[in-house]
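First comes the structure, then the notes that go with it.
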Amino acid sequence: MLLENSVAVISGIGPGLGQELGKAFAREGSKVAISCRNKDRLDLFKQELVAQGADVIASSVDVTKPEDCERFVAEILEAFSSIDYLINNAYNPGSASMFEDSNLDDWRQPFEVNVIGSMRMIQACIPPLKESSKASIVNINSMVQKKLLPTQSAYATSKGALSVATKSLAFELGSYGIRANSVNMGWMWGDPVEKSLQGIADSRGIDLEEVVAEVAQGIPLGFIPEDADCANAIIFLCSDMAKVITGASLDVNGGEFMP
């Protein structure tokens, strides 16, 4: 196991990457602290991890509220006494609209979660991370900040800001031995993407397999990466194999976008 005797904090535990991250960290030997706003979903996933032998705590957290982040960290320290890894996976995609038609007040929503919410979690975790000999922060980013799409300006801009913030954190926190990196996710095959592509297929009156094949055509590896495989990239960045990597922005997209 790559992460034995460690504690991992993961925000945004929902269907898809969030839950695969929980499974991956538990598999690699971490105690896991998971959070999202939906308590019912959180409790169900906690039961799944416990059934698999994981040492886990779960708490309903809104990352836009500093008191929620601070409470969560206090609960983690009470249960596990330390924090080694923080994975910021909570996100808000914002509303999809062409820029000229956008209400700029709506841009605040993805920024509040994707940027400020991630920073709130980081601030709350810094004291215990300073005490860790393997401290690592990974911010889950998106390919959309590089491969721009119409109607996605608010989301892409917030993720671009998160990328710069991550580099700033790597610069400032490096003296404490805290690493900070981000991963730019592209298409990831899991429940959310399957439902999205099924909706496209239904609207066009074609089979899901046809839509999947169209997406896969644009990916050099020829398939949509699985959520579980994408989660392994975060495991790598937290492991000792990446102990000299900080301030990096890793593209995890099957080669769909190459900067």
### Query
So, in nm, how far is label SER175 from label LEU221 when the simple model puts each one 7 Å beyond its Cα toward the Cβ?
3.9 nm
### Message
Under 17 Å between alpha carbons, and skipping anything fewer than 8 positions from LYS146 in its own chain: which lysines qualify?
### Response
LYS159, LYS167
## Note on the structure
So the FRET efficiency between ALA213 and VAL244, C-beta based with R0 = 51 Å and rounded to 0.05, is 0.80
### Neighbour-limited loop hits for trypsin sites (Lys or Arg not before Pro), segment 195-259 (at most 16 other Cβ within 10 Å; DSSP other than H, G, I, E, B)
LYS243
### Message
Give me the net charge for the shell around GLN145: Cβ to Cβ below 15 angstrom, other residues only, Lys and Arg +1, Asp and Glu -1.
### Response
+2
### Summary
Residues whose built amide H sits under 5 Å from the amide H of TRP189, excluding neighbours closer than 5 in sequence, are GLU226, ASP227
#### Entry: segment 91-103 - phi-based ³J(HN,Hα) in whole Hz, Karplus 6.51/-1.76/1.60, Gly and Pro as x
8, 10, x, x, 8, 8, 7, 5, 4, 5, 9, 7, 8
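When the accessible area of segment 1-134 is split by element with a 1.4 Å probe, what percent falls to carbon and sulfur?
With neighbouring chains kept in place, the figure for segment 1-134 is 46 percent.
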### 1.4 Å probe accessible area per residue over segment 115-255, in Å²
46 Å²
#### Entry: Most fluctuating residue given options ASP40, ASP105, ASP191, as computed from a GNM of the chain linking Cα atoms under 10 Å
ASP105
### Summary
Largest first and rounded to whole Å, the semi-axes √(5λ) derived from the alpha carbon gyration tensor of the chain read 29, 21, 19
#### Entry: Computed E for LEU77/THR151 - FRET, C-beta separation, R0 41 angstrom, nearest 0.05
0.45
### Dipole moment magnitude, nearest 20 debye, the chain about Cα centre, only Lys, Arg, Asp, Glu C-beta charged
760 debye
### Share of pairwise Cα separations in segment 62-158, more than 17 Å, in percent
56 percent
### Task
Would you mind checking the radius of gyration and Dmax of segment 163-206 based on alpha-carbon positions, in Å?
18.6, 56
### Charge dipole magnitude, Cβ of K and R +1, D and E -1 - segment 100-184, Cα centre, debye nearest 20
480 debye
### Query
What full-extension length gain, to one decimal in nm, is calculated for PHE257 and SER168 as 0.36 nm per residue of separation minus the Cα-Cα distance?
29.6 nm
### Task
Excluding LYS65 itself, calculate the net charge of residues whose Cβ lies under 11 Å from the Cβ of LYS65, where each Lys or Arg counts +1 and each Asp or Glu counts -1.
-2
## Note on the structure
Over 30 Å (Cα to Cα) among LYS39/LYS243; LYS46/LYS134; LYS134/LYS195; LYS39/LYS147; LYS39/LYS195; LYS147/LYS195 -> LYS39/LYS243; LYS134/LYS195; LYS39/LYS147
### Task
Note down the net charge around LYS23, summing +1 for each Lys or Arg and -1 for each Asp or Glu among other residues with Cβ under 11 Å from its Cβ.
-3
### Message
Could you sort the peptides 208-221, 227-240 by per-residue average Cβ neighbour count (10 Å cutoff), highest mean leading?
### Response
227-240, 208-221
### Query
Could you give the nm distance between label points at GLU131 and ASP40, where each point is 7 Å from its Cα heading toward the beta carbon?
3.7 nm
### Where N is the number of residues in segment 17-80, Cα Rg divided by 2.2 N^0.38 Å
1.07
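Once the convex hull of the alpha carbons of segment 150-233 is built, what does its volume come to per residue, in cubic angstrom?
Once divided by residue count, the hull of segment 150-233 is 125 Å³.
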### Task
Please report, as a whole percent, how much of the solvent-accessible surface of segment 205-257 comes from carbon and sulfur atoms (probe radius 1.4 Å).
57 percent
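The values are calculated or read from the model by the stated rules, or taken from the named source; none is laboratory data. Small disclaimer: the values here were computed from a predicted structure and weren't measured. A quick note on method: Cβ atoms are made from the backbone with ideal geometry, for glycine too, and the neighbour counts reach across all protein chains shown. Accessible surface areas use protein heavy atoms only, side chains included; no ligands, DNA or RNA. Shrake-Rupley method; radii C 1.70, N 1.55, O 1.52, S 1.80 Å.
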